[in-house]
Amino acid sequence: QVQLVESGGGLVQAGGSLRLSCTISGLTFSSYSMHWFRQAPGKEREFVAAISRGLGTTYYSDSVKGRFNISRDNAKRTVYLKMNSLKPEDTAVYYCAASILLKTRATDFPSWGQGTQVTVSS
């Protein structure tokens, strides 16, 4: 059974930084591409960033490009999301997800963790 555990969220002022972590069990971590999504109140879950298996190629949504950085540590079975220059519109619950191929639609993922809340005050 796949288990995803996100952590690192919190309350931060606009312009600040946070680093999210997601540790995964129940699958061969290095064989999977890893993703971060977020969901704000009343909105659909949206793609934020992804990092491929193998070469570790990264992808970002336009809204976070240049501010967020996704990375992975295969030995620790953990994916990270470093968020810089945070804005109030980044406020959401952040989730990680795993799939072999890179995907950007939340409906393509069968398993989710509990998420971690990020709140950015203005």
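Among all residue pairs at least 6 apart or on different chains, which show Cβ distances below 7 Å where the first residue, located in the range 101-119, is free of Cβ contacts under 8 Å to residues at least 24 places away in the same chain and the second is of a type in the set (S, T, N, Q) and not in a loop (DSSP other than H, G, I, E, B)?
D108/S99
Out of the range 55-85, which residues are farther than 12 Å from W36 by Cβ and not in a loop (DSSP other than H, G, I, E, B)?
Correct list: D73, N74, A75, K76, T78.
If I ask for residues that are assigned to a loop (DSSP other than H, G, I, E, B) and open to solvent by less than 40 Å² (accessible area, probe 1.4 Å), which ones from the range 86-108 would you list?
Matches in the range 86-108: L86, T91.
Between A92, A49, A40, A75, which is without any contact (Cβ under 8 Å) to a residue 12 or more places away in the chain and aliphatic (A, V, I, L, M)?
A75
Which one is surrounded by the most Cβ atoms within 10 Å (Cβ to Cβ) among residues in the range 1-44 that are closer than 18 Å to I70 by Cα and of a type in the set (D, E, K, R)?
R38
Do you know which residues across the range 1-54 are under 16 Å from the mean Cα position of the chain (by Cα), hydroxyl-bearing (S, T, Y) and in a helix (DSSP H, G or I)?
none
Residues checked against (1) in contact with a Lys or Arg (Cβ under 7 Å, 6 or more places away or on another chain); (2) open to solvent by 60 Å² or more (accessible area, probe 1.4 Å); (3) of a type in the set (S, T, Y):
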| residue | (1), (2), (3) |
| --- | --- |
| I51 | yes, no, no |
| G54 | no, yes, no |
| D62 | no, yes, no |
| V118 | no, no, no |
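If S111 satisfies all but one of (1) closer than 22 Å to V2 by Cβ; (2) assigned to a loop (DSSP other than H, G, I, E, B); (3) touching a Ser or Thr at 6+ places or on another chain (Cβ under 8 Å); (4) hydroxyl-bearing (S, T, Y), what's the number of the condition it fails?
S111 satisfies all of (1) closer than 22 Å to V2 by Cβ; (2) assigned to a loop (DSSP other than H, G, I, E, B); (3) touching a Ser or Thr at 6+ places or on another chain (Cβ under 8 Å); (4) hydroxyl-bearing (S, T, Y) except (3).
So if I check each of G54, G66, which one is at pLDDT below 95 and more than 20 Å from S7 (Cα to Cα)?
After ruling out the rest, the residue left standing is G54.
The values are calculated or read from the model by the stated rules, or taken from the named source; none is laboratory data. Because the structure is predicted, anything quoted here is derived from the model rather than measured. Quick reminder, even Gly has a Cβ in these numbers, built from the backbone with ideal geometry, and neighbours come from all protein chains shown. SASA here: full protein model, heavy atoms, side chains in, ligands and nucleic acids out. Shrake-Rupley method; radii C 1.70, N 1.55, O 1.52, S 1.80 Å.
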